[in-house]
Amino acid sequence: MMRSLQRAILMLVVLNGWCLLGIILVDYLLGDILGLFSTSIYSQGWAILLLVALSFSSSLKATQLKLKQWYTNTPVDFYLQQRFGTCLAMISRALRALYINLYLLADVVFCVGAPLLIVSASTGWWLIDDVSYIALIEYCSIISIIVFVGLYSNMARLLSLGYFFGYWLLSDNMLLYPFVAPTLVQQNIAIMISQSLNSWILVVGLILIIYLMARRRQKDSQEATASGVGKISNVFSQHPFEMIKTTLNRELLGNYLSLACLIMAVPLGVLILNSIIGHLNTHLLFACFIIWMFDKHWQYEVVNEPALSSDGRYFVDLMLKH
């Protein structure tokens, strides 16, 4: 009885997930692309986060596979394959070829263009008075962080390239933009910090809570490794009842502290995510979601291909190892 109820709940969650995916895609196409009605970035963002979180469940993946296998034997699928099978296969092959070519092209442009951006920014600092030394340092630091993340994430590569080329095409002077980019980036950072000052306070609080939880876990692991010798000595130096009582009190206090940190971290994380979603552009949000879906379906086909990012990952892992 309980197993049947669990299967029914999993099937209901999977079907609702597919319906939610269709709803947010229609909402984006009709509301944000065609402008037929107003949309909410918060509802779209939280719906996408919910779908991403559900995709990591192994039980839901198995249930979805069973539903697909059942659907392939239904008359509806047979009818759709007869009428639209060739068209759907062509669209699937076209999207796959587009993704693979874009993946490899972005890999080359990202790995080659990042050092060129630093060189052009340094040249701009040398020749243009508006580019300050602080702006150059901030710009190079951001580029370095993006490069490190982009070596391991296709989404970071595509979004950073889209950000640069978008601002480059919208700039008044396209030839001068790579040289004055540090100043423009510094201005954008100042605007973001001024508009989301309260969010930064929440971020600091969340970082402190995560740090306390990490220290607590590290302390527990150290005590666990040293407990072998400690327990043997306590058996002969302390009464067994007092030893058990002290251990239980410490463990209970540690568990309550961890639970309190977790309870405080959850609302802080929700508020930070809500603030981040509010500052996102709708097109950027759905671009991230589409890239994530494409990576989930086809990245395994190109991740082991010879690429500059794979060489960069190898050198980074080698440096971190030694």
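The values are calculated or read from the model by the stated rules, or taken from the named source; none is laboratory data. From a predicted model like this one, the values you see are computed outputs, not experimental measurements. For neighbour counting, all protein chains shown are included, and Cβ atoms are generated from backbone atoms with ideal geometry for every residue, glycine included.
Going by the structure shown, is Ala287 surrounded by 11 or more Cβ atoms within 10 Å (Cβ to Cβ), at pLDDT 80 or above and not aromatic (Phe, Trp, Tyr)?
Taking the combined requirement at face value, the residue satisfies it.
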Is one or more of the residues making up segment 118-141 loosely packed, with under 13 Cβ neighbours inside 10 Å, hydroxyl-bearing (Ser, Thr, Tyr), free of Cβ contacts under 8 Å to residues at least 12 places away in the same chain and assigned to a helix (DSSP H, G or I)? yes
Matching residues, segment 264-317, being without any contact (Cβ under 8 Å) to a residue 12 or more places away in the chain and more than 24 Å from Ala106 (Cβ to Cβ): Val266, Pro267, Val270
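Considering only segment 45-67, state which residues are of a type in the set (A, V, I, L, M, F, W, C) and either in the same structural domain as Leu280 (by TED's automatic domain parsing) or not in a helix (DSSP H, G or I) (or both).
In the first step, residues of segment 45-67 are kept if they are of a type in the set (A, V, I, L, M, F, W, C); the result is 46-54, 56, 60, 62, 65, 67.
Matches in segment 45-67: Phe56 only.
Go through Leu10, Leu80 for me and flag whichever is closer than 27 Å to Cys288 by Cα and assigned to a helix (DSSP H, G or I).
Details: Leu80 fails: closer than 27 Å to Cys288 by Cα.
Answer to the selection: Leu10.
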Which of (1) farther than 17 Å from Asp311 by Cβ; (2) among the aliphatic types (A, V, I, L, M); (3) crowded, with 20+ Cβ neighbours inside 10 Å is the odd one out, the single condition Leu151 does not satisfy? (1)
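Would you point out which residue out of Leu65, Leu20 is modelled with pLDDT of 85 or more, touching a helix residue (DSSP H, G or I) at 6+ places or on another chain (Cβ under 9 Å) and within 27 Å of Trp298 (Cβ to Cβ)?
Working: Leu65 fails: touching a helix residue (DSSP H, G or I) at 6+ places or on another chain (Cβ under 9 Å).
Among Leu65, Leu20, only Leu20 is modelled with pLDDT of 85 or more, touching a helix residue (DSSP H, G or I) at 6+ places or on another chain (Cβ under 9 Å) and within 27 Å of Trp298 (Cβ to Cβ).
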